[in-house]
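Just so it is clear, none of the values below were taken in a lab; they were calculated from the coordinates. Note that the coordinates shown come from a computational prediction; the quantities given were computed from them, not determined experimentally. Cβ: placed from backbone, ideal geometry, glycine included. Neighbour counts: every protein chain shown.
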Amino acid sequence: MARKACRICVERNPGKIRSCAEFDFDPDVVSHWEAWLGHQRPKLLAVGQDFGNVGYFVRNRGRDDPDNKTNDNLRKLLAGAGFTATEPREFDGSTPVFLTNSILCVKEGPMDGAIRPSWVDACADQHLRPLISYLRPPVVVGMGSCGWRAVRRVFGLGEAPERISHAAGSSWTAADGTRLFAVGHPGPQGLTNRPWPQQLADWRRIGAVVSALPV
C-alpha cells in the first residue's frame, strides 16, 4: 500500500512527523477516516486536515475517539447536504461519501500543531491525486486551509483564492467536470473562523449540487 510505504516527509523532517505504518495496529486503509465513511463509488469526497497527532493515534489505536467533535459536526453538516450517515463510531458502508485528509501521516507535538505546507503538497501529489483518479467522485470538498490547499493543488485551480478565508463558500468546476467546493473546517477551531450558520449554508449548497447528479 502506497501510504504505508511512503517516507517522503518523515525523511525530510525527522522528529516532526511519523508514518502510521510504524505501528502494528495501523489498519490496511488509504484513509483512516474509512473506518467511518469510505465508499468506493462516492458521490462526494471530502478532504480534511489530518488524523491528529501521534498521541491521539496511539491512544485510540488507529481509530477515532468516539467523542471526536469534528466528526460529530461533520455528520450534521453532511445531513445538511442530504447524506444520512451513521454515528462516526460505526462503519457506514452505504452512504456515498469518502473522507480523507490532507496528510496521511501523524504529526509529533500537540493536536493543534502546525501542518507544514510541504507535507500537504507531497501527500496531494503522491496520494490524493491517484485516489481521486481512482474513485472519480463528481464532487470534491476541501475543508479548512490544509484540505483546501490539497484540493486546489490536485485540480490546478490557479485562479481560485489560496486562503480558505477567501475561498470558503465558493465553488468551481474543474477541467474534467468535477465540482469543487471550499468550506471551513468542521472542528471547533474551524467554527471560530467560519461560524456554524455559514458552514451549514455551504453544505446545503453542496447538497443541491449532489442531488442534481445523475442517478
To the nearest 0.05, what FRET efficiency results for ARG41 and MET1 with a Förster distance of 30 Å applied to their C-beta separation? 0.90
With each pseudo-label sitting 7 Å past Cα toward Cβ, what's the THR173-ALA212 distance in nm, one decimal? 0.9 nm
Given (1) 128, 25, 24; (2) 70, 37, 30; (3) 44, 37, 34 as candidate values of Cα extents along the principal axes in Å, which corresponds to the one derived from the coordinates? (3)
For the residues MET1, MET143, what sequence is obtained by ranking on other C-beta atoms within 10 Å, fewest first? MET1, MET143
Pairs of lysines in the chain (C-alpha under 19 Å apart; 8 or more residues apart or interchain): 4
Count charges around TRP36 for me, please; just the other residues with Cβ under 10 Å from its Cβ, Lys/Arg as +1, Asp/Glu as -1. -2
Where the only charges are on Cβ atoms (+1 Lys, Arg; -1 Asp, Glu), what is the dipole of segment 2-211 about its Cα centre, to the nearest 20 debye? 380 debye
Taking only DSSP H segments of four or more residues, each worth -39500 (n - 2.57), what value at 222 nm results for the chain once the sum is divided by all its residues, to the nearest 500 deg cm²/dmol? -9500 deg cm²/dmol
Quick one: TRP196, TRP172, fewest Cβ neighbours within 10 Å first, how do they rank? TRP196, TRP172
By Cβ neighbour count within 10 Å, fewest first, SER145, SER165 rank SER165, SER145
What is the angle, in °, between the Cα long axis of helix 144-154 and the longest principal axis of the Cα atoms in the chain? Nearest 10 is fine, range 0 to 90. 80 degrees
